[in-house]
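Accompanying notes for the structure given below.
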Amino acid sequence: MPARSGLSLAGWLARLEQLHPSTIELGLERVRRVKDALGLDAAFPLIVVGGTNGKGSTCAYLEAMLRTAGYKTGLYTSPHLLRYNERVRIAGREADDAELVAAFERVDAARGDISLTYFEFGTLGAMLQFIDAGVDVAILEVGLGGRLDAVNAFDADAAVVTSVDLDHMEFLGDTREKIGFEKAGIYRAGRPAVCADPEPPASLIEHARHLGTDLRCAGRDFAVQRETDRWTYRGRACNWTDLPLPAMAGGYQLRNAAGALAVLEALRPRLPVSEAAIRQGLAVARAPGRFQRIAHAPEVILDVAHNPEAARALAATLRDQPVAGRTLAVVGMLADKDAAGVFAALSGEIDAWWACMPVSPRARDAAALAAILRTHAGHAPVKVQRDVNAALAEARSAACEGDRILVFGSFYTVAAVLDHAATQQ
């Protein structure tokens, strides 16, 4: 479908970055007005996924299990790693450039003089595509927070908060209680409200009760029991036993998978999913950049962990999967992230560090990152190499038999490695 503006997808994305004075502007009034102008009323169930960490993995489990059960799914996630197209998937297929451009054209025509951010444009465009495609169910990942995020302009038939921890504090508050209140904003009265965090802040519980939701909490309404290589989900009405461990590595993935199953249990009257579909979905679900192995000898692992909670989970996974040699780390982070908290969580697991700087105007300078790192690295050497892939090349050269290399700290850092690897093929 030709674009009325004549812009390519790359041209549109560049335009969207310039249309609004702020990258982030929380609030629903503007996006709701454009939503109403477009007539975006979904006839299919909507699942909204929020939380500090685990959103992408939870979305992947939901999509995989629902698709295996035969449903035509729509999935909207962010951020992307290599292509904007990754953000919008219909029946497991990424939207192509023409579909995205056509959606942006329609949003642009409907908004009039209403200013929208890049993310707001994308959210409305994704829902347009899901409605046009006639999906059976849509899964929407919150961009930031929940209560005032553009995704929350749509009423969730079921919503899940995966975890609550400190991140984006300049927007959401500087305590778990403040952040929990923001996350709980995606819940709706009388509808399933899942919390997969085993220790939810009181603010989340109180807000969910104030709204009159059907609140389902990990440890109270659903639980996980792990055996060696199998696990059991026990819910209010469903017990699924002898399940395969999730395909994605890390003990925390059981929590994400259980949160997804709690959603499916709650929606079972509308979206029944067989135990066979659950098993197969768990076995095939993947979210790139989550303890993703891309090479061997030496082993190279990519992880988008960029806050202390994610770093603690990453440290636990490294301990659960020991190697004969050392663990070398290449790290690049954004300036607004808690680098000290991340390094404190991982310092005991890393034997040598390379600080780098991903390509982003928000990136922390590599030398400044190294200065923070040296206060937490103990005796582990810290080197500075501004370019992500140059740092990885140095780490590869320094690696011995049995060593592994971890590249982490930001979606931008992981994307740089994946992009470079794609150009080498």
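The values are calculated or read from the model by the stated rules, or taken from the named source; none is laboratory data. Quick caveat, the model's predicted, so the values are computed rather than measured. Here the Cβ positions follow ideal geometry from the backbone for every residue, glycine too, while neighbour counts run over all protein chains shown. To get the accessible areas, we keep the full protein, side chains included, count just its heavy atoms, and leave off ligands, DNA and RNA. Shrake-Rupley method; radii C 1.70, N 1.55, O 1.52, S 1.80 Å.
With each pseudo-label sitting 7 Å past Cα toward Cβ, what's the Ala316-Asp174 distance in nm, one decimal? For Ala316 paired with Asp174, the spin-label model returns 2.8 nm.
Taken per residue, the accessible surface of the chain reaches 40 Å², heavy atoms only and a 1.4 Å probe. For segment 378-405, list residues with backbone N below 12 Å from a point placed 7 Å from the Cα of Ala297 toward its Cβ? Correct set: 401-402. Which shape class, rounded, prolate or oblate, goes with segment 165-206 when its Cα gyration tensor gives a ≥ b ≥ c as root eigenvalues, a/c under 1.5 marks rounded, and past that a/b bigger than b/c marks prolate? Prolate, since a/c reaches 1.5 and a/b exceeds b/c. For segment 135-152, backbone phi angles converted through the Karplus equation (6.51, -1.76, 1.60; θ = phi - 60°) give residue-by-residue couplings of 5, 8, 7, 10, 10, 10, 8, 4, x, 8, x, x, 4, 10, 7, 4, 4, 6 Hz, Gly and Pro being listed as x.
Per-atom-type breakdown for the chain gives carbon and sulfur 50% of the accessible area (1.4 Å probe, protein chains only).
Over all distinct Cα pairs, what is the inverse of the mean 1/r for the chain, reported as the Kirkwood hydrodynamic radius in Å?
Working: mean 1/r = 0.0451 Å⁻¹.
So the Kirkwood estimate lands at 22.2 Å.
The distance between label points at Ser8 and Asp113 comes to 3.4 nm (points 7 Å beyond Cα on the Cα→Cβ vector). Between Arg32 and Gln225, the contour length at 0.36 nm per residue exceeds the alpha carbon distance by 65.3 nm.
Determine, from the Cβ-Cβ distance of Arg386 and Ala335 and an R0 of 22 Å, the FRET efficiency 1/(1 + (r/R0)^6), rounded to the nearest 0.05. Intermediate values should be presented prior to the final figure.
Details: r = 15 Å, r/R0 = 0.67.
After rounding to 0.05, the efficiency reads 0.90.
When only alpha carbons are used to place a centre, segment 53-90 and segment 106-138 end up 17 Å from one another.
Using 0.36 nm times the number of residues separating Arg209 and Glu86, minus their current alpha carbon distance, what extension gain do you get? Before the final figure, lay out the partial values.
Working: separation 123, 0.36 × 123 = 44.28 nm, distance 3.54 nm.
Working it through step by step, the gained length comes to 40.7 nm.
The calculated P(r) of segment 1-141, using every Cα pair and 5 Å bins from 0, goes 2, 10, 20, 23, 22, 15, 7, 2, 0 in percent.
Note on the chain: with a GNM built from Cα contacts shorter than 10 Å, the maximum mean-square fluctuation among Val359, Val49, Val164 falls on Val359.
With each label modelled as a point 7 angstrom along the Cα→C-beta vector, the Asp351-Val323 pair spans 0.9 nm. Considering only DSSP beta bridges where both residues belong to the chain, give the percentage that are antiparallel (nearest 5). Taking every DSSP beta bridge with both residues in the chain, the antiparallel ones total about 30 percent.
For a straight C-alpha distance cut-off of 29 angstrom, the lysines reachable from Lys72 (same-chain residues fewer than eight places away being disregarded) are Lys35, Lys55, Lys183. Comparing Ala393, Ala366, Ala69 in a Gaussian network model of the chain, where Cα atoms under 10 Å apart are tied by springs, the biggest mean-square fluctuation is seen for Ala393. For segment 297-328, the residues whose backbone nitrogen is under 13 Å from a point 7 Å from the Cα of Ala398, taken along Cα to Cβ, are 326-328.
Compute a Gaussian network model of the chain, connecting alpha carbons closer than 10 Å, and tell me which residue from Arg32, Arg230, Arg111 fluctuates the most. In this elastic network of the chain, the residue with the biggest mean-square fluctuation among Arg32, Arg230, Arg111 is Arg230. Kirkwood's formula applied to the C-alpha pairs of segment 68-176 gives a hydrodynamic radius of 15.1 angstrom.
Helix-only estimate, please: 222 nm mean residue ellipticity of the chain, summing -39500 (n - 2.57) across DSSP H runs of length 4 or more and dividing by its residues, to the nearest 500.
Values: 15 runs with 168 residues, N = 425.
Computed mean residue ellipticity for the chain: -12000 deg cm²/dmol.
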